[in-house]
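Student: Structure in C-alpha cells, see below.
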C-alpha cells in the first residue's frame with residue numbers, strides 16, 4: 001500500500017521530507033494521535049466503570065426515539081441517521097481534498113460547503129437527542145433509566161454519555177468552524193495564491209478524525 | 001534540493017493520485033458495516049437469539065474494520081510511506097495494554113465490591129421501582 005519509493009533512496013540525508021509529507025500535515029497527524037489518546041482515556045474509563053457495575057441500562061431502550069413520529073419507537077434509528085450524516089460528510093470532505101489537488105477552486109468550495117452542511121446537520125441531531133433525553137429526566141447527575149436486569153441504575157451511565165458525546169460534539173463544532181474558515185479562505189483565493197490546497201487536506205484530516213471517533217462512540221454507547 | 005521556502009518542495013506531485021472510485025467504495029463498505037451492526041443489534045433486541053458477549057466481539061471487530069477504512073482511505077494513511085505509517089501505528093498499540101489493564105481492573109473491582117460491600121450486593125438483587133417515564137411530576141431533579 002505504501003508509496004513506491006526507489007530502492008536505496010536516502011530519506012534522511014537532507015533536502016527532502018523524510019516522511020514525504022508537508023511539515024504541517026505531519027504535525028496534524030501527531031496532534032490527532034494525542035487527541036486519540038484523550039478520547040481513548042475517556043472511553044476506557046467508561047468501559048472500566050461499566051465492568052465494575054452490576055448491570056447497565058439497555059441502549060435499545062434508552063435511544064429509541066425519533067423526531068416527528070410521536071410515540072412510535074425504532075431502537076437506534078436516530079443514531080444511525082447521525083452516523084450516516086457523518087460518514088457522508090467525510091466523503092464530501094475527501095472530495096474537497098481531491099478537488100484541491102486538482103486546483104479546482106469552484107469544486108473545493110462546493111464540497112466544503114456540503115461538508116459544513118453535514119457537520120451542522122449532525123450537530124442539530126445531537127442537540128435534538130440531548131434535549132429529548134433531558135426531557136426524559138436524564139442529565140449529568142440524574143438517570144431515569146433502569147438497568148437491563150431491572151435493578152436501580154447509577155448516574156454513571158448519564159454522566160459518561162453526556163461527557164463523551166459532549167466532548168465529541170465539541171470536536172464536531174470546532175471542525176465546522178475550521179471548515180468555515182477554510183471555505184472563506186478558498187473563496188478569497190488564498191490557496192490559489194499560495195499554489196497549493198494543503199490546508200484543506202489538514203482540515204480534512206481533522207474532520208475524518210471526528211468521524212473516526214464517532215465510530216467508536218457509536219459502538220461503545222449504542223451497540224455494546 | 002533546495003527547500004528554502006517550505007511546503008511542497010521536495011514532495012512528489014500528487015495530482016494524479018486521487019481516486020474517486022476508491023472513496024465511494026470505502027463509503028459503501030462503511031455504510032454496509034454500519035447497517036449490518038444495526039440489524040444485528042435490533043434483531044438481538046427483539047429475540048435475544050445469541051449470547052451478548054459474542055455479539056459484542058463481533059461489534060468490536062466491525063468497529064475496528066471501519067476505523068481501518070477511515071484511516072487508510074479517507075485519511076490517506078494507507079498511501080503514505082511506511083515510516084509515517086509506523087510513527088502513527090506503533091504508539092496506537094499502547095491501546096492494547098490500556099484496554100486489557102483497565103477492563104481487568106474494572107472487573108476485579110466489581111468482584112471485590114460484590115464480596116465485601118453488602119450494599120452493592122443487595123442492589124444487584126433488588127428490582128427498582130418501575131418509573132412511568134412520560135408521567136409529569138416524576139422527573140428527578142429540578143423543575
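The values are calculated or read from the model by the stated rules, or taken from the named source; none is laboratory data. Computed from a predicted structure; not experimentally measured. Quick reminder, even Gly has a Cβ in these numbers, built from the backbone with ideal geometry, and neighbours come from all protein chains shown.
Student: Look through segment A:31-66, keep the residues that are assigned to a loop (DSSP other than H, G, I, E, B) and out of contact with any strand residue (DSSP E or B) (no Cβ under 7 Å at 6 or more places or on another chain), and return whichever of them is farthest from residue A:171 (Cα to Cα).
Tutor: That would be A:53.
Student: Which residue, of A:221, A:216, A:161, A:167, is within 11 Å of another protein chain (Cβ to nearest Cβ) and within 23 Å of the chain's Cα centre (by Cα)?
Tutor: Answer to the check: A:216.
Student: So which of A:69, A:74 ends up being at pLDDT below 95, more than 9 Å from chain B (Cβ to nearest Cβ), surrounded by fewer than 20 Cβ atoms within 10 Å (Cβ to Cβ) and out of contact with any strand residue (DSSP E or B) (no Cβ under 6 Å at 6 or more places or on another chain)?
Tutor: A:69 is the lone residue from the list that is at pLDDT below 95, more than 9 Å from chain B (Cβ to nearest Cβ), surrounded by fewer than 20 Cβ atoms within 10 Å (Cβ to Cβ) and out of contact with any strand residue (DSSP E or B) (no Cβ under 6 Å at 6 or more places or on another chain).
This table checks each residue for (1) surrounded by 15 or more Cβ atoms within 10 Å (Cβ to Cβ); (2) more than 25 Å from residue A:182 (Cβ to Cβ).
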residue	(1), (2)
A:115	yes, no
A:119	yes, no
A:124	no, no
A:137	yes, yes
A:146	yes, yes
A:154	yes, yes
A:160	yes, yes
A:166	no, no
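Student: Which of the residues spanning segment A:135-158 are outside any loop (DSSP other than H, G, I, E, B) and either more than 9 Å from chain B (Cβ to nearest Cβ) or without any contact (Cβ under 8 Å) to a residue 40 or more places away in the chain (or both)? Show your work before the answer.
Tutor: If we filter segment A:135-158 for residues that are outside any loop (DSSP other than H, G, I, E, B), which is where we start, we get A:135, A:139, A:142, A:147, A:151, A:156-158.
Once the filter is applied, which keeps residues that are outside any loop (DSSP other than H, G, I, E, B) and either more than 9 Å from chain B (Cβ to nearest Cβ) or without any contact (Cβ under 8 Å) to a residue 40 or more places away in the chain (or both), segment A:135-158 yields A:135, A:139, A:142, A:156, A:157, A:158.
The rows are residues; the columns are (1) without any contact (Cβ under 8 Å) to a residue 12 or more places away in the chain; (2) over 17 Å from residue A:37 (Cα atoms); (3) surrounded by fewer than 14 Cβ atoms within 10 Å (Cβ to Cβ).
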| position | (1), (2), (3) |
| --- | --- |
| B:46 | yes, yes, yes |
| B:55 | no, yes, no |
| B:67 | yes, no, no |
| B:75 | yes, yes, no |
| B:79 | no, yes, no |
| B:84 | yes, yes, no |
| B:96 | yes, no, yes |
| B:100 | yes, no, yes |
| B:104 | yes, yes, yes |
